[in-house]
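What follows draws every value from the coordinates through simple rules; no lab data is involved. What you see is a predicted model, and the numbers here were worked out from it, not measured in a lab. Ideal geometry is used to build each Cβ from the backbone, glycine not excepted, and the neighbour counts take in all protein chains shown.
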Amino acid sequence: MVPKSKRLTLSSRKSFVPIALPTPKLGRGATVSKALQNRKTTREISDRNLTLQTISNVLWAACGVNRKKGPLETTGRTAASASNSQEIDLYVLMEHGVYIYNPLRHVLLPVLKADLRPIAISSGQVGLARHAPLHLIYVADVDRLVNTSGYQEPGLHDPEYQKAYYYVDTGMIAANVYLFAASHGLAAWFHNCNRPALAAKLELRPDQRVLFGQTVGYAKKK
Ligand SMILES: Cc1cc2nc3c(=O)[nH]c(=O)nc-3n(C[C@H](O)[C@H](O)[C@H](O)COP(=O)(O)O)c2cc1C
């Protein structure tokens, strides 16, 4: 066991460079049945740090690569997506900056060196988890949905279908995060966020849509 003082925490990092995530280790969690029994929303989340290993595990559970050969000539993921288009990006907001999760390399790529956690949750509720260590922002990349490498079914070009697909695909990932949290003693909360402010700060293209946030950490002690 690594001594507590030597464990790598993200807040101790000085430089703003890509972060290679450790190989996910999901070994000791509760069973799926137990996780289903325990799954719930916990809104009051403390500032206690998560280790890099736990962040790696959460992200892999969310939408990581679970098989090299998935459907339609691309990798398979832990979360299903319409035509396996994998159009949902997870922006990862932490105290020292914003990253985007790249599941193919299992790495965090730097986006912006700023603490955007105050706009990751709607203003009326931000106080509940403002200093939580990990905020996931779900962003749909409609271009990736339209130009998916797989079967070009007509719905992919219809804005109504696109919307249905990217909201459902978000829900698939969010459910994985909720279940992972429930099986590993973490707190998770899926919620609205300040969409216009995030889109502006992240300098998103018009065909990228900020959808929801999900905060992960440890429950505040009562
Ligand atoms: C699409 C969606 C949007 C949500 N938005 C918010 C939100 O903005 N604020 C909030 O406190 N909870 C939000 N929630 C969490 C729900 O309120 C919560 O899941 C629901 O009350 C059921 O509680 P449970 O998750 O503990 O079963 C949202 C959940 C979903 C699925």
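Going down the table (Lys40/Lys222; Lys34/Lys222; Lys113/Lys163; Lys25/Lys68), which pairs top 21 Å between alpha carbons?
Lys34/Lys222; Lys113/Lys163
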Item to check | Estimated inter-spin distance, Asp158 and Lys69, nm [label 7 Å along Cα→Cβ] | outcome: 3.3 nm
Next on the checklist: As an exercise, identify the trypsin sites (Lys or Arg not before Pro) in region 41-89 lying in DSSP coil whose Cβ has no more than 11 other Cβ atoms within 10 Å.
Outcome noted: Lys68, Lys69
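Considering only the other residues whose Cβ falls under 12 Å of the Cβ of Pro118, what net charge follows from Lys and Arg at +1 and Asp and Glu at -1?
With Lys, Arg at +1 and Asp, Glu at -1, the net is +1.
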Item to check | Among Thr74, Gln162, Val32 the positive-end extreme of the charge dipole of the chain (Cβ point charges) | outcome: Val32
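Remind me, relative contact order of region 49-217 in percent, using alpha carbon pairs under 8 angstrom and six or more residues apart?
Values: 312 pairs, mean separation 45.2, N = 169.
Value for region 49-217: 27 percent.
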Checklist entry - Short version: ³J(HN,Hα) in whole Hz for each residue of region 30-44, in order, from phi by Karplus 6.51 cos²θ - 1.76 cosθ + 1.60 (θ = phi - 60°), x for Gly and Pro, what are they? => result 5, 5, 4, 4, 5, 4, 5, 5, 9, 4, 6, 8, 10, 8, 8
Item to check | Radius of gyration and Dmax over the Cα atoms of region 78-171, both given in Å | outcome: 15.3, 44
Checklist outcome for this item: Interchain or sequence-distant (5+) residues whose placed amide H lies within less than 5 Å of the amide H of Phe212 are Tyr138
Checklist entry - What shape does region 139-222 have by the C-alpha gyration tensor, where a ≥ b ≥ c are the square roots of the eigenvalues, rounded means a/c under 1.5, and otherwise prolate means a/b greater than b/c and oblate the rest? => result oblate
Item to check | Angstrom value of the Kirkwood radius, inverse mean 1/r, which spans all Cα pairs in region 49-217 | outcome: 16.1 Å
